Amino acid sequence: MTPTSFSKRSRLARLSNWARSSTSKRLQKRAAGYPISSKAEIPLPPPLIHGVLHQGAKMILAGGSKSYKTWSLIDLAISVAGGSPWWGWDCVRQPVFYLNLELQEGWFKHRVWDISDAKKRASPPDDLMLWQLRGKSYDVMTIRTALDQQMQKFGIKPGLLVIDPVYKLFAGGNENDAGEVTSFMEEIEAFTI
């Protein structure tokens, strides 16, 4: 065996050691600023939906075709924008940005009004901002850049961003490629920061 060739077992051992030391260093770096002396001292992000979702977190609402996912997400958006309960959970009033990538604009707005009526609201909340992108094809990075520009233009940072449906932002990506999925999820994570 030459000094530059390694057995498979040796390569795996070196990789394992590197991962342990690398992970350990990252964890030590992250943990250095977070002493856990008492539970009361641990800062938590503010809630959006008490007991379900807090600001800066991600939530996925999944279900089969025609299982009322969009209806549920519109109800969620109206509840947060209006500060009213969603499915029995109290919501904190925050501006909501809803990216509609699927329904035609007229049908989507009719659903917003139908749900507002069902919640006994005179009209949809003023803090519910709709962005109609049906029929357009953009990747997640383009949408994020445009959203940042819109937030700066209007001076609004939404407490909740709804992307419906999220798969439409995967624009040509391969959902079976771990690297592409990781990049996509990192872009989605950037929305929450």
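The values are calculated or read from the model by the stated rules, or taken from the named source; none is laboratory data. For clarity, every value in this text was computed on a predicted model and none was experimentally measured. Positions of Cβ are backbone-derived with ideal geometry, glycine not excepted, and every protein chain shown enters the neighbour counts. Note: accessible area is taken over every heavy atom of the protein model, side chains too, but ligands, DNA and RNA are not part of it. Shrake-Rupley method; radii C 1.70, N 1.55, O 1.52, S 1.80 Å.
List pairs: first residue in the range 71-91 and within 14 Å of Pro47 (Cβ to Cβ), second residue in a helix (DSSP H, G or I) anywhere in the structure, Cβ distance under 6 angstrom, at least six positions apart or on different chains.
From the range 71-91, the pairs are Trp86/Leu76; Trp86/Ser79; Cys91/Ser79; Cys91/Val80.
On the basis of being among the β-branched types (Val, Ile, Thr), in contact with a helix residue (DSSP H, G or I) (Cβ under 8 Å, 6 or more places away or on another chain), under 23 Å from Phe184 (Cβ atoms) and at pLDDT 90 or above, does Val92 make the cut?
On the way: among the β-branched types (Val, Ile, Thr): yes; in contact with a helix residue (DSSP H, G or I) (Cβ under 8 Å, 6 or more places away or on another chain): yes; under 23 Å from Phe184 (Cβ atoms): no; at pLDDT 90 or above: yes.
Taking the combined requirement at face value, the residue does not satisfy it.
Determine if the range 157-166 includes at least one residue that is in a loop (DSSP other than H, G, I, E, B), over 23 Å from Leu103 (Cβ atoms) and out of contact with any Leu (no Cβ under 9 Å at 6 or more places or on another chain).
Yes, the range 157-166 contains at least one residue that is in a loop (DSSP other than H, G, I, E, B), over 23 Å from Leu103 (Cβ atoms) and out of contact with any Leu (no Cβ under 9 Å at 6 or more places or on another chain).
Looking only at residues in the range 113-152 that are at pLDDT 80 or above and of a type in the set (Ser, Thr, Tyr), which one is least open to solvent (accessible area, probe 1.4 Å)?
Among them, the one singled out is Ser116.
Identify all residues within the range 130-156 that are assigned to a loop (DSSP other than H, G, I, E, B), more than 24 Å from Gln94 (Cα to Cα) and not aromatic (Phe, Trp, Tyr); write none if there are none. Don't jump to the end; show me each part of the working.
Going residue by residue through the range 130-156, those that are assigned to a loop (DSSP other than H, G, I, E, B) are 133-139, 155-156.
Within this subset, residues satisfying the condition of being more than 24 Å from Gln94 (Cα to Cα) are 134-139.
Within the range 130-156, Arg134, Gly135, Lys136, Ser137, Asp139 meet the criteria.
So which residues in the range 96-112 are of a type outside the set (S, T, N, Q) and open to solvent by 30 Å² or more (accessible area, probe 1.4 Å), if there are any at all? Before the answer, list the steps.
Looking only at the range 96-112, we keep the residues that are of a type outside the set (S, T, N, Q), and these are 96-99, 101-103, 105-112.
Hits for the range 96-112 are Glu102, Leu103, Glu105, Gly106, Trp107, Lys109, His110, Arg111.
Which residue pairs have Cβ atoms under 9 Å apart, sit 6 or more places apart or on different chains, and have a first residue in the range 141-156 that is farther than 13 Å from Val96 by Cα and a second that is open to solvent by 60 Å² or more (accessible area, probe 1.4 Å) and part of a loop (DSSP other than H, G, I, E, B)?
Ala146/Tyr138
Just need a number here: residues in the range 67-113 that are under 18 Å from the mean Cα position of the chain (by Cα), of a type in the set (Asp, Glu) and outside any helix (DSSP H, G or I).
Of the residues in the range 67-113, 1 are under 18 Å from the mean Cα position of the chain (by Cα), of a type in the set (Asp, Glu) and outside any helix (DSSP H, G or I).
With respect to Ser79, determine if the residue is of a type in the set (Ser, Thr, Tyr), open to solvent by less than 60 Å² (accessible area, probe 1.4 Å) and modelled with pLDDT of 95 or more. Reasoning before the result, please.
Numbers: of a type in the set (Ser, Thr, Tyr): yes; open to solvent by less than 60 Å² (accessible area, probe 1.4 Å): yes; modelled with pLDDT of 95 or more: yes.
Yes, satisfied.
Taking the range 167-193 only, how many residues are among the aliphatic types (A, V, I, L, M), in a helix (DSSP H, G or I), open to solvent by 60 Å² or more (accessible area, probe 1.4 Å) and at pLDDT below 80?
So the count comes out to 1.
Restricting the first residue to the range 173-186 and requiring it to be under 16 Å from Tyr138 (Cα atoms), which pairs with a second residue that is open to solvent by less than 70 Å² (accessible area, probe 1.4 Å) and at pLDDT 80 or above meet a Cβ separation below 8 Å and a spacing of at least six or different chains?
Qualifying pairs under 8 Å: none.
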